[in-house]
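**Student:** Below: one structure in structure tokens.
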Amino acid sequence: MIIMQILAISGSLRAVSSNTAVLRAAAMLAPTGVNITIYSGLGDLPHFNPDIDVDPAPNSVASFREQLKQSNGVLISSPEYAHGVPGSMKNALDWLVGSGELVGKPVALINTSPRATIALASLTEILTVMSARIIEKANITLPIAGSGLDEVGIASHPEISHSLKLVIEEFARYCFTNIKP
């Protein structure tokens, strides 16, 4: 059996983040054969600087790039701060522009706030410019921000968990049919 490896990235550094919670819930709801790993190094990445983007890359950057290379797809949930993508999320993406780990990589976006549309549009634009393959059928906006739901609450909420599970299954199906040998 092929195990589908999905790397999940939360754009929030908060310990109690609805974006991280939804990704943890996604991991709980993933179908058999799909392994969703939460990337935990966003806050460890140095500020992007082309002068230090040399071989070998800083350890945290090299680890991030390797995790992306080993994944069949990427699941991103990021908040909106002041109508934009959080600096930590943008910084992580900047480290990938020249190295190309997202080129052609399937990406699904989860938005935890129906009001946060500007950052989602910005993130979509950034990823498109980076040649990531955004899977529209696997993108979803869920009413989680401000709900007080943690990953268990999300995974057990009838409507939210059903919608999230369908999106994960759609994304996994897409990634499975596009695995490179």
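The values are calculated or read from the model by the stated rules, or taken from the named source; none is laboratory data. Since the model is a prediction, treat every value here as computed from it, not as a measurement. Neighbour counts are summed over all protein chains in view; Cβ atoms, including those assigned to glycine, are modelled from backbone coordinates with ideal geometry.
**Student:** Give the residues of region 143-161 that are of a type in the set (Ser, Thr, Tyr) and outside any helix (DSSP H, G or I), sorted by residue number. Working first, answer last.
**Tutor:** Of all residues in region 143-161, those of a type in the set (Ser, Thr, Tyr) come to 147, 156, 161.
Passing the criteria: only Ser147.
**Student:** Which condition number in (1) surrounded by fewer than 14 Cβ atoms within 10 Å (Cβ to Cβ); (2) of a type in the set (Ser, Thr, Tyr); (3) at pLDDT 95 or above is the one that Ser77 fails?
**Tutor:** Tallying (1) surrounded by fewer than 14 Cβ atoms within 10 Å (Cβ to Cβ); (2) of a type in the set (Ser, Thr, Tyr); (3) at pLDDT 95 or above, Ser77 fails exactly one: (1).
**Student:** Separate question: Whether any residue in region 97-116 is more than 24 Å from Gly43 (Cβ to Cβ) and basic (Lys, Arg) is what I want to check. Walk me through how you get there before you give the answer.
**Tutor:** Taking region 97-116 first, the residues more than 24 Å from Gly43 (Cβ to Cβ) are 103-104, 106, 114-115.
If we keep only those that are basic (Lys, Arg) as well, we get 115.
Taking every residue of region 97-116 in turn, at least one turns out to be more than 24 Å from Gly43 (Cβ to Cβ) and basic (Lys, Arg).
Conditions (1) of a type outside the set (Asp, Glu); (2) in contact with a His (Cβ under 8 Å, 6 or more places away or on another chain); (3) in contact (Cβ under 8 Å) with a residue 60 or more places away in the chain, marked per residue:
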{"site": "Tyr81", "(1), (2), (3)": "yes, no, no"}
{"site": "Met89", "(1), (2), (3)": "yes, no, yes"}
{"site": "Leu102", "(1), (2), (3)": "yes, no, no"}
{"site": "Pro106", "(1), (2), (3)": "yes, no, yes"}
{"site": "Glu125", "(1), (2), (3)": "no, no, no"}
{"site": "Glu136", "(1), (2), (3)": "no, no, no"}
{"site": "Ile144", "(1), (2), (3)": "yes, no, yes"}
{"site": "Glu159", "(1), (2), (3)": "no, no, no"}
{"site": "Lys165", "(1), (2), (3)": "yes, no, yes"}
